[in-house]
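The structure under discussion appears below in the form of structure tokens.
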Amino acid sequence: MKKRQPNSLAIRFYGDKTLRKEAAAVTEFTDEIKDFIDDLVVTMYEKDGVGLAAPQVGRSLRIFVVDPFWFKEDHIKNPLVLVNPKLYGFLGEVELEEGCLSLSEIYETVPRAEKVIVEGMNEKGEKVKYEAEGLFARALQHEYDHLDGILFVDKISKLKRIFIKKKLTELKSTTDKDGNNVG
Ligand code: NI
């Protein structure tokens, strides 16, 4: 059988309603879900992201993909898929600048735990567990937040939010009357 070519998906921007929903757990690893995961991975690399969550492409499902090091290590791609993830074992705190494909041109310092443990399933429905630190831990926390409708700009100070208000308003202004924002 001929393998399906993955598609690049449109990114939803700040203002889109799906970005603010609590995403639903995946209950079955259908072919459609597996194809969707392939699309998510391809889209992350195409948009030069280090992580991408399903709500960012308009699917309210508890799936995300991360690859925090592909820029650094000679662009070797090593995507990590997490389905129905759980985070625990938060340790320490670090502040570092973050960006997000749904918040283009906005970069702000966000406090995150230095270490975290994630458990969930991979793209095949197999159980996986990782003990993460540094950028990997940060990416996991950022992407996990997307599954609960949380964006990194929710975690910055009020003062910082005042400075990016214009950019946020611009992003939001392209949302249609149904609450969809496809750039
Ligand atoms: Ni993001």
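The values are calculated or read from the model by the stated rules, or taken from the named source; none is laboratory data. Since the structure is predicted, the reported quantities are computational estimates derived from the model, not experimental observations. Glycine gets a Cβ as well: all are built from the backbone with ideal geometry, and neighbour counts include every protein chain shown.
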Open item on the list: Between 88, 107, which is aromatic (Phe, Trp, Tyr), under 17 Å from the mean Cα position of the chain (by Cα) and surrounded by fewer than 20 Cβ atoms within 10 Å (Cβ to Cβ)?
Closed with: 107
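Tell me, which residue of the stretch 106-117 that is aliphatic (A, V, I, L, M) and part of a loop (DSSP other than H, G, I, E, B) is nearest to the ligand (Cβ to nearest atom)?
Initially, the stretch 106-117 is screened for residues aliphatic (A, V, I, L, M), giving 106, 110, 113, 116-117.
Checking the rest, the ones that are also part of a loop (DSSP other than H, G, I, E, B) come to 106, 113.
Working: 106: 10, 113: 17 Å.
Result: 106.
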Open item on the list: Here's a check for you: in the stretch 24-69, which residue that is part of a loop (DSSP other than H, G, I, E, B) and more than 16 Å from the ligand (Cβ to nearest atom) is modelled with the lowest pLDDT?
Closed with: 69
Open item on the list: Name the residue that is farthest from the ligand (Cβ to nearest atom), counting only residues in the stretch 85-105 that are in contact (Cβ under 8 Å) with a residue 40 or more places away in the chain and either assigned to a strand (DSSP E or B) or more than 21 Å from residue 54 (Cβ to Cβ) (or both).
Closed with: 89
Open item on the list: If I go through the stretch 118-141 residue by residue, how many of them are surrounded by 14 or more Cβ atoms within 10 Å (Cβ to Cβ) and either of a type in the set (Phe, Trp, Tyr) or assigned to a strand (DSSP E or B) (or both)?
Closed with: 9
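Quick check: anything in the stretch 47-59 of a type in the set (A, V, I, L, M) and over 18 Å from residue 100 (Cβ atoms)? Spell out the reasoning first.
Taking the stretch 47-59 as the starting set, the residues that turn out to be of a type in the set (A, V, I, L, M) are 50, 52-54, 57.
Okay, now just the ones that are also over 18 Å from residue 100 (Cβ atoms), so none.
No, that holds for no residue.
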TODO: Would you mention how many residues in the stretch 13-23 are assigned to a loop (DSSP other than H, G, I, E, B) and at negative phi?
DONE: 7
